[in-house]
Structures are given as structure tokens and as C-alpha cells.
Amino acid sequence: MPDAAPLWATVVLPVALAVAAVVAAGFDAMLSGSAERGPAGSVREAGLRALAPLREALRLLVQRPRRTTAADRLLGRLGVVLVPVAAVLAGAVLPWGFRAVSDPSVGIVWFNAMEALAWAAVWLAGWGPNSALSLVGGYRFLAQGLAYELPHMFAITTAALGAESLRVGDVVAAQDGLWFVVWMPAAFVVYLLSALAMSFWGPFEHPVSRDAAGGAAAELAGVDRLVFLGGRWLLLVVTAGFSVPLFLGGGHGPLLPGWAWTLVKTVAVLALLVAGRRALPVLRMERYMEVAWMVLVPLTLLQALFVAVVVLNR
Amino acid sequence: MDLRGALRRTAMTRPAVLAVTLPGATELRLEAEAEVRRRGWPVVDAPAAADLLVVCGDPASDDTPWLDGIERSMPEPALRIVAGESGQLADALDTARRDLIDKAATRRAAEVAEVAHVADVSDEPGGHEHGDHEGHGDGHDHTMGEVAGLPMAERGDDRDELRLDRLHVPIGPASSDWPAGLVLRLTLQGDVVQGVEVDHLPLPPSPRLPFWDEPWLRAAHGDEVSRGSAVRRRCAAHLDSAGRLLAVVGWDDVAARCRRLRDEVLSGASRESIGGDLRRTVRRVERSRPLRWSIAGLGELPADRARAAGVSGPALAADGDAHDRLLKWLHEVERGLEGLDDARPLAPDDRTGPRGRLDGPQPPSRALLDILPELLTGAEFACARIIVASLDPDLDELALAPVSGAAHA
Amino acid sequence: MDTWQPMLVLLGVIGAGLAALYGLGLWLAAARAPLDTGPFAGGLEPGEHAVSRFHVRWYPVTMIFLAFDMEMLFMYPWVKVVSEVGTPAVVEMFLFLGILFAAVAYAWREGALRWT
């Protein structure tokens, strides 16, 4: 069993996740910039574009706090704050190399439980401001949850089944040699889709999309907005990062040490998601629901059956 | 010198822009979009996130209250500028940026003024402070009185004869990616549109011709207009509409490319320089199966129904749903590519603007507005926005109704 | 306790971090007193407060979801005993899942997964 990380890791983890979120958001801003304004002419220009998320954070910090008439401030604020809290707590079981902040025997269930907090978070943030458009956004996320959550749970259960353990450390150890992605490709792809969906980002950003003036985030200003939308990037980083121990062999790999492999693989997954986002419009749940239930659920079930048969025969 | 002041000033070096376009100001909107994009300032779609409200067009006196309302709901540091004349925008933005930096740095004055204002309001019966306590809506209280000056939702029948809470929400005119001046008074149950009333801002008689129809109208008045410039205008209009629809659908990347191409077409870029980029973008949209799957079947408008409603132009020719209309626009753009530099004069009897026949009994956008209620009722809010964007009525045309009608008669 | 202690510490760290961020915001904000304002729906005032009984048309999906999601909980302990119990574990679990999915397919045919 891998040994637990020292306690100072609890301070390093949120900082590391925040740095990763800023880098990922910067990469995203660079790609958006080249779509809007053409390719960056110089390295300096590209760098300036990549700094957009940090500039935005500072801008929001300078904004005056704002609240809407007869808002439910307690629940609204709770929803806002819950997004980064859920992300970082889920990140606690994320192994860096072979060591996580904590590696409980039910780590996978913990991860699933924490990310399920996003349901409450987005809905509460949408309900709080007493505004029609943010309410619409909040409810969009509930429908989204109904679509992504089951395929997602089957996907992570399949990985756990491959290792016959709910401990993340065991799942990584079971991939010494053969990564799970090789014999669970369907589960991996479904996992990535649901990672996007639960961080309500990219093709799944309907709950906060422009057509509803920002949906659940429509009335958020200042630090509230920073925490909510920044927390969204944290969620994306954590869920994308968790695909590494689940399917991509965690810290396993030749030559490089475990932590370096974790880093390389996480960066690769994030880059894939951020770049791949450009190929898709936003998916609306009235259309996606059917696909999720009638294609993704049976697909992940068959994948799980296949893995179960392999496990029986090894 | 002081860290706090420096940070505040830095924060405002690229203020976030909320742009509102008034009817008749299409040209100003395009200029503002291009200028803001060139500077790399963030563009936002709600006052909560905005620092700078850019009003494109001259506000009529009727517009003042709601524009004031938007400005008041923007958190400090906040500023409104009005871009009334083309060519002055760059200076206005520079000044605005300077003012915002000053505002951010001098904080005390703003705060004192605001505290006094809040105190005023809470003295009134049913003021904000009072509302905060009742706004939590505990389930026992079913008396639908006013809370903080606004009634609670009442119930009404839905299409399945359930009695459900109804909200009356006016959408526009400051929504982003939205036809300038359009106001849809929606009756929402959940996010389902149960009723639509099409309304618009007052359309002051303007000496300016509607921007998108200009070449054809000028030719009709006997001016010398080259075919190339008319084709350019049509391509740009369709790229603008396509960019708007794609932005509403949430495909920001392609939407941004469409808008960049639109500006290049308008600024006179040659066929060779934009042809490749344009064809790639059109192919990308055409081939996207997720896009087709996502918006196919929305706002179905068969040709016979369209014709009966008086629709002409791409919406009639597309003979189908939002996706068909999008492809129709893009294919017309691609076809137009050949004629971008055609110097021959436009025939004065060619009156087919980007949105349809300009010599009909009513401007083409009138018909597009008239069929909105029928297409929107029963749609979800997101679908309703997509349908509106896929028809993209141009309210500038409404102000022109008598002129083009007279020209024909 | 050793495994859960770091989670508590982590929660404390995030709480402190968020408090610091809000504090930083107050220190930097252009004005400290919150701005009290109406909601935004496009510039004009809405007719009512937005908080209301929200009509969603995907009620049937929530019901199906609940049924299926409850079942998922059994799968967590199940993964740990698959090879221990052997073939019966797999057969029983997938029979169970198959029955559930048959119900989903029925609901789909009845149109429960589409609402527009």
C-alpha cells in the first residue's frame, strides 16, 4: 500500500490545483484569442493572451460586491463556495505519482461523492440571486446531472472492477504493465465526457452559457464570480486529472519518475479537452439525454461486463 | 506607490465590455465589436460582470430609463459611454478606460454616495432591506403579495392543463447576440415559453438607410452602386447572422471566425486573401454532425408556410429548420465569393437584400417578426433563442417601411 | 482516522483560502458596501420574482434516475468480491442490471427521455 503524503501536502494540493487551473485557462484563452483575433504574431502577444485569466481574476477582485433584490443570499453564496470546495476535496484522493493527500479504502466513492456536490452547488448558485435567467441555468444543470451521472458512475466502477478495489492506490497498482485504457476504452471516453459535464465546461457549459446571459453565473459579480467560475476550472482539472490514475496508469511509465508521469499525462488529457472543445457546439440536454441513456449507459454496461469476465478468468 | 492603488489601476487596463445596440446602429455595433476585439478587452453578456457599458446608437428619451437601470446594476467601477457617431469610438474607449482607472483608484467618494443612496431606499415601505427577509419564500406563505416592490409568480395553465407558476420575463434589448431593438415579452413556465409578445424599442425615423440593405436601396434611388459592394454587404450580413446563431448555439470558436471574416469582407479584403479561410469555416459547419443533431428540427418553417407569412429571402429558400437556414446563409456567402470584386453597376431593379425582397408590401424582417410567436410558443428558452437567431430579423428595416413601399408604388 | 484526518485539514485549508480571497476582494474592491440591484434579463424589468415552482419537463427522467442510481450503490461493494464469489456474482449483477435497463428501454420507447 502506498504511504500517505505528509500533512503539508494539504496546503500544496490546493495551490497546485489552482496553478494547473490558471495554466489550463491560459491555454484556453490563447486558443480563443487566435479564433477571435487571428494567430498571435509574436511570443509576447501569445503570452499576453495567455494571461487573460489572471487579468480577469484581478478585475473581479476589484469589483464591488453585488446582490440582487430579495436574493437568497445564504443558499446562493453556499452554492458559489461549494464549487471549489468540492473540487479540492475530490482532489484529495488524486495521487501525485503514487502518493495522494489521503488514500482511503473507499477513495473512488469519496471522489464520486465530492463531485456530486457540484449538483447542489450549481443549482444553489442559480437559485440564489432570484433572477429568471440564473434560475433557468441552475435547472439546466440538474437535467445535465441526470444525463451524465450514471454513465460516469459506471465508468469509474469499471476501473474499480478492473482492480477489484475501491482504493485509488490499488487501481494505480493494478495498471503496472497494462493501462486500463487499453482494455476499457469505452469507459475512458465516457469518463472524459462526464468530466466535462460535471465541470459544466466546454460542450457542457449550457448551465452557464451565453444565451441565458451566463445562466447560473448571470448575477454573480466580484469575488463570487471569481470563486464560482474559477472553481469550475478547478473541477475540470481535478476530474481530468483523475482519469490518469483511473485509466492511464497513474505514475507508471518508463524512465521518468512517477510524479513526472502524472504531470505529463494530466497535461495531455487537459490539452486534449481544451483543444477538443473547439470542435463541438454546446450540447443541450433535451437532445443529449436520449444519447446518454440509450447509448452511453448500455455501452458502459457492456464494458463493465467485459471487464467482469476478464477479472473472473485471470 | 501604493500596492492597492496600483492593483486597482492594473485591473481596469482591460475593462469588460457590455455592448448594447439600439435600432439603426448596426454600423456602430460592427465598429465597436471590431475595436473591442482589437484591444483584447473581455466581452461579457450581463451587467454583473461588466465594467463598461457601450451603447451603440443615439438613445431616444424612452430608452433612458432602462439604460440607466443597466448602468445602476453594474458593480463599481462602472461606466457608460454612448457611441453615437462612427469614427469616434477608439477615442471614446480610451477616455472610458482612463475614467475607469480613476474611478477604481478613488474609492471613497463612490462609497459614501452609495451608502447614502441605500439608506434612502430602505426608509421606503417595502424597500430592499425589508424584502430580504420575505424573499426567502417559506412554503407556508401563499398570499401572493408584493415583496420588495415586485409580485410573486402566479399560476396559470400550461399546455398539459397543469396549473404552474408563470413568470413574465421581457428578453432583450440588451441581451447579447440578439437583434438590436427586439424585445420579446415571454411568459415562462420553468424554461418553457408559453406565450410570446413581440415588441421592439421605439424606432426613431432615421436619415440613415438600414446598413445591411444599403446598396440595394441606394441603387433603387438611382445611385451608382457596384455589384461587388452589394455582394460584399450580403456576404457580411450572412456571416454576421451565422456568427450570431453559432454564438447562441455555443460554438464560440466558429462564431468568432465568422465574425472575423465578416469584418474582413466589409473592410474590402480580396477574394484570394479570405477565400481559403472562408471555405474551411463553411466546410467545418457543414460537416459538423453534432451541430446538425443539436439544432435540426428547431423552428421548422416549410416554404409554403413561409410564403404565406410573407417571408422572402434565405429563410424562404432554406425551406426547413434552423440548421437549413444556417447552411443557406453560408452557401450564399460561398457563392458570393466569386463576385466580391465585380465592378459592374448593380441593376436598379435588383431589390433582393440579405433578408429578402425589399420591394414587397412590407420589409422582409417584418414577416420574420410576425412568424416568431408561432415558432416560439412551446419551445424551451434555449431553443427559442436559437430560433430567433436562425431568423435574425433586422429591426432597422422596420423604420424604412414607408420608403421602400413608396419606391415600389 | 488517519485517512480522514487530512480531508478535515484540507477542508480547513480551503476555507481559509476562500476567506482570504474574499478578504482580498474587500481590500481591493472599488466600493465595499454591496450594490443592491434588480435581476438582469435583457435590460427590462421582469414581472415577478423569479423564485417560483419551476416547471421541468424531465420529471420522468428523475424517477428513472433515482431507481438506477440507488442500484449503483450495490456495485461499489460488489467490485471487491467479484473473483472471490466467482461467476454467480457477475451473473446476478448483470441480470439485475439487465432488468433495470429493460425498464429504461421501455421508458425510452414511451418517450420519457424526450420532452420537446
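The values are calculated or read from the model by the stated rules, or taken from the named source; none is laboratory data. Model, not experiment: these values are computed from the prediction. Counting neighbours? That spans all protein chains shown, and the Cβs are built from the backbone with ideal geometry, glycine included. Just the protein is used for accessible areas: all its heavy atoms, side chains included, with ligands, DNA and RNA removed. Shrake-Rupley method; radii C 1.70, N 1.55, O 1.52, S 1.80 Å.
Please compute the contact order of chain C in relative form: average sequence separation of alpha-carbon pairs under 8 Å and at least six residues apart, divided by the residue count, as a percent. It would help to have the intermediate numbers written out before the result.
Working: 21 pairs, mean separation 30.1, N = 116.
For chain C, the relative contact order is 26 percent.
What are the membrane-span-like helices in chain A by this rule: whole DSSP H runs, Cα extent along the axis at least 30 Å, mean Kyte-Doolittle hydropathy at least -1.0? Each step should come with its number before you reach the end.
On the way: long enough: A:9-37 (40 Å, 1.42); A:107-127 (31 Å, 1.17); A:132-163 (46 Å, 0.90); A:222-247 (38 Å, 1.38).
TM-like helix candidates: A:9-37, A:107-127, A:132-163, A:222-247.
Among all the aspartates and glutamates, which ones have a C-alpha under 15 Å from residue B:103's C-alpha, if same-chain residues fewer than 8 places away are not counted?
B:51, B:71, B:76, B:94, B:111, B:114
Each label point is 7 Å from the Cα along the Cα-to-Cβ direction; what then is the distance between the points at residue A:113 and residue B:362, in nm?
If labels sit at residue A:113 and residue B:362, their model points lie 6.2 nm apart.
For residue B:197 and residue B:71, calculate 0.36 nm times their separation in residues minus their Cα-Cα distance, and state this gained length in nm to one decimal. Working shown, then result.
Numbers: separation 126, 0.36 × 126 = 45.36 nm, distance 2.59 nm.
Length difference between fully extended and current span is 42.8 nm.
Can you list which of the chymotrypsin sites (Phe, Trp or Tyr not before Pro) found in region C:1-102 are DSSP loop residues with at most 12 other C-beta atoms within 10 Å?
On the way: sites: C:4, C:22, C:27, C:40, C:54, C:58, C:65, C:68, C:74, C:78, C:94, C:96, C:101; in loops: C:4, C:40, C:54, C:58.
Here the sparse-neighbourhood loop sites are C:4.
If one puts a single equal scatterer on every Cα of chain B and applies the Debye formula without solvent, what log₁₀ I(q)/I(0) results at q = 0.12 Å⁻¹?
-1.07
Would you tally the net charge around residue B:181, using a Cβ to Cβ cut-off of less than 10 Å, leaving residue B:181 out, and scoring K and R as +1, D and E as -1?
Working: positive: none; negative: B:63, B:199, B:394, B:396.
Net charge in that neighbourhood comes out at -4.
Cα extents of chain A along the three principal axes, largest first, in whole Å?
Computed over chain A, the largest-to-smallest principal extents equal 62, 44, 41 Å.
Taking 10 °C and 1.306 mPa s as the conditions, I'd like the Stokes-Einstein D for region B:152-254 in µm²/s, using the Kirkwood hydrodynamic radius from alpha carbon pairs. Numbers along the way, then the final one.
Values: Rh = 17.1 Å.
Translational D for this selection: 93 µm²/s.
Could you work out the pair-distance distribution P(r) of the protein assembly as shown from its alpha-carbon pairs, with 20 angstrom bin width and percents rounded to whole numbers?
The calculated distribution, bin by bin, is 15, 46, 32, 6, 0.
Please list the radius of gyration and Dmax for region B:3-109, considering alpha-carbon atoms only, with Å as the unit.
13.6, 45
Can you pull the three principal axis extents for the Cα set of region B:280-349, in Å, largest first?
Projected onto its principal axes, the Cα set of region B:280-349 covers 41, 35, 9 Å.
Chain B: longest stretch without exposed GluC sites (Glu not before Pro) (DSSP loop, at most 14 other Cβ within 10 Å), sites themselves excluded? It would help to have the intermediate numbers written out before the result.
Details: sites that count: B:85, B:161, B:224, B:300.
Of all site-free stretches, the longest is B:301-409.
With all protein chains present, calculate the accessible area of residue A:288 using a 1.4 Å probe and round the result to the nearest 10 Å².
Probe radius 1.4 Å; accessible area of residue A:288 about 20 Å².
Add +1 for every Lys or Arg and -1 for every Asp or Glu among the other residues with Cβ under 9 Å from the Cβ of residue B:383, and state the total. Before the final figure, lay out each step's value.
Working: positive: A:284, B:385; negative: A:286, B:380.
Summing Lys and Arg as +1 and Asp and Glu as -1 gives 0.
Using the basic label-point model (7 angstrom from Cα toward the beta carbon), what is the residue B:300 to residue A:294 distance in nanometres?
The two pseudo-label positions are separated by 1.7 nm.
Where does chain B land at 222 nm, in deg cm²/dmol rounded to the nearest 500, when only DSSP H runs of n ≥ 4 count, each adding -39500 (n - 2.57), divided by all residues?
On the way: 18 runs with 198 residues, N = 409.
When only DSSP H runs of four or more count, the value is -14500 deg cm²/dmol.
Enter the mean projected area of the convex hull around the alpha-carbon atoms of region B:211-408, in nm², rounded to one decimal.
Values: hull surface 41.9 nm².
Directional mean of the projected Cα hull area for region B:211-408 stands at 10.5 nm².
Provide the per-residue ³J(HN,Hα) series for region B:168-180, in order, calculated from phi with Karplus coefficients 6.51, -1.76, 1.60 and θ = phi - 60°, each as a whole number of Hz, with x at glycine and proline positions.
9, 10, x, 9, x, x, 9, 5, 7, 6, 9, x, 4
Tell me, what is the 1.4 Å probe accessible area of residue B:229, in Å² to the nearest 10?
50 Å²
Amide H neighbours of residue A:205 under 5 Å, at least 5 residues apart or on other chains, H built in the peptide plane: list them.
Residues meeting the amide H criterion: A:283.
At 15 angstrom or more along the helix axis (alpha-carbon based) and mean Kyte-Doolittle of -1.0 or higher, what helices does chain B contain? Whole DSSP H runs only.
On the way: long enough: B:26-39 (20 Å, -1.24); B:89-105 (24 Å, -0.16); B:108-123 (23 Å, 0.21); B:227-249 (33 Å, 0.17); B:252-266 (21 Å, -0.66); B:271-287 (23 Å, -1.36); B:322-336 (21 Å, -0.91); B:381-391 (16 Å, 2.04).
Helices meeting the span and hydropathy rule in chain B are B:89-105, B:108-123, B:227-249, B:252-266, B:322-336, B:381-391.
For residue B:155, project a label point 7 Å along Cα to C-beta. Then give me every residue of region B:183-208 with its amide nitrogen under 20 Å of that point.
Zone members listed by number: B:187-195.
How large is the helix-only mean residue ellipticity at 222 nm for chain A, computed as the sum of -39500 (n - 2.57) over DSSP H runs with n ≥ 4, divided by its residue count, in deg cm²/dmol to the nearest 500? Don't skip to the answer; put the middle values down first.
Values: 13 runs with 212 residues, N = 314.
The per-residue figure over chain A is -22500 deg cm²/dmol.
Shielding of C:18-27 by partners, i.e. mean partner chain Cβ atoms within 10 Å per residue?
5
Taking just the C-alpha trace of region A:55-145, give me its Rg and Dmax in Å.
Looking at region A:55-145, its Cα Rg and Dmax stand at 16.2, 50 Å.
Sum up the charges of everything whose Cβ sits under 14 Å from the Cβ of residue B:221, counting Lys and Arg as +1 and Asp and Glu as -1, but leave residue B:221 out.
Details: positive: B:208, B:218, B:351; negative: B:213, B:214, B:223, B:224, B:349, B:350, B:359.
Net local charge, residue B:221 excluded: -4.
Select from region B:196-269 those trypsin sites (Lys or Arg not before Pro) which occupy a DSSP coil region and have at most 16 other Cβ atoms within 10 Å, ordered by residue number.
Details: sites: B:208, B:218, B:227, B:232, B:233, B:234, B:244, B:257, B:259, B:260, B:262; in loops: B:208.
Answer by residue number: B:208.
Mind checking Rg over Rh on chain C, alpha carbons, Kirkwood formula for Rh? Spell out each step's value before the answer.
Numbers: Rg = 24.9 Å, Rh = 20.8 Å.
When Rh is taken as the Kirkwood radius, the ratio is 1.20.
Using 0.36 nm per residue of separation minus the Cα-Cα distance, give me the extension gain between residue C:81 and residue C:114 in nm, one decimal. Could you put the intermediate results ahead of the total?
Values: separation 33, 0.36 × 33 = 11.88 nm, distance 3.76 nm.
Going from the current span to full extension adds 8.1 nm.
Tell me the label-point distance for the pair residue A:260, residue C:26, using the 7 Å Cα-to-Cβ offset, in nm and rounded to one decimal.
Placing both labels 7 Å along Cα→Cβ, they lie 4.6 nm apart.
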